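Chemist: Handing you this structure, nothing more for now.
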Amino acid sequence: MLKLWRWYQKCSVVHPVKTRVISSGFIWGDVAAQCVTHYTAQKRTTVESHSHDANREFKINWKRVSTTTSLFGLAFVGPIGHFWYEGLDRFIRLRLLLKHNSFHFVAAKVAAYGFLFGPLDLLVFFTYMGFSTGGSVPQIKEDVKRDFLPALVLERGIWPVVQVANFCYVPVRYQLLFVNFFCLLDSCFLSWVEQQQDVPWEDWIKSLRPLK
């Protein structure tokens, strides 16, 4: 494990973009998320229909791993994440002139993530997953309208804590890797959210929206 970490460190210095793109694609391979999706859907189907078909065996969809979630990591999380964390650090240090690891320095980064990158990441994730699984545009719009706000509200209780630790203690070149490991858990959570349909807690969160 130590040799693997040293190899990653070396690659991160020599080929920073390639290293983060490839590692993101690997980590975002969603075997764990598929397990969550399968067993959540199976439980709901069992409760609703008491069908024996709900007890079908779980099989990993390797096509989804290689062409859907890993591709999302390769095409979006890796390159965008690399330039986001590097660019954000330079902007706050050189343009805002905030002292490294000061309260305002970390707070500015957490706020930028919470109000800019976090919502964008969620929106792209739900939209991409909808298209990659063959959904129609109207269906994807409905899914995003149903899932986006509840997921955003619930993640606001988790990601600020993760990002405070990330921005305080993790060097910039490893911040995306740190986040990606938490995304293993986050992708499981998002997959669970996708399987929720008209549950009370979603309706309650949506009711908090201001009336137009």
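Read-outs throughout are calculated quantities, based only on the coordinates presented, and are distinct from any laboratory measurement. Here the structure is a predicted model, which is why all the values come from computation and not from measurement. Reconstructed Cβ throughout: ideal geometry from the backbone, glycine too, with neighbour counts over all protein chains shown.
Chemist: Is the C-alpha gyration tensor of the stretch 79-134 telling us rounded, prolate or oblate? Criteria: a/c under 1.5 is rounded; beyond that, a/b larger than b/c is prolate, otherwise oblate.
Modeler: Prolate shape, in that a/c is at least 1.5 and a/b is the bigger ratio.
Chemist: Could you give the Stokes-Einstein D for the stretch 145-190 in µm² per second, using the C-alpha Kirkwood radius, 37 °C, 0.692 mPa s?
Modeler: D, rounded to a whole number, is 287 µm²/s.
Chemist: Determine, for each peptide in 17-28, 86-97, the mean count of other beta carbons within 10 angstrom over its residues, then list the peptides with the highest first.
Modeler: Numbers: 17-28: 19.8, 86-97: 13.2.
Peptide ranking by packing, descending: 17-28, 86-97.
Chemist: Expressed in nm to one decimal, what extension gain is obtained for the pair D143 and F181 from 0.36 nm per residue of sequence separation less their Cα-Cα distance?
Modeler: Computed gain between D143 and F181 is 11.1 nm.
Chemist: May I ask you to derive the FRET efficiency for L116 and L2 from their Cβ-Cβ distance with R0 = 45 Å, giving the value to the nearest 0.05? Write out the running numbers ahead of the final one.
Modeler: Values: r = 36 Å, r/R0 = 0.80.
It comes to 0.80.
Chemist: Give me the number: length gained by fully extending S132 to N61, i.e. 0.36 nm times residue separation minus the C-alpha to C-alpha distance, one decimal in nm. Don't jump to the answer; show the numbers that get you there.
Modeler: Numbers: separation 71, 0.36 × 71 = 25.56 nm, distance 1.32 nm.
Result: 24.2 nm gained on full extension.
Chemist: Here is a follow-up. For the pair A107 and V170, how long in nm is the line joining their label points, each one 7 Å along Cα→Cβ?
Modeler: 2.3
Chemist: Where a ≥ b ≥ c are the square roots of the eigenvalues of the C-alpha gyration tensor, would you call the stretch 55-175 rounded, which needs a/c under 1.5, or, failing that, prolate if a/b is larger than b/c, or oblate?
Modeler: In terms of gyration-tensor shape, prolate.
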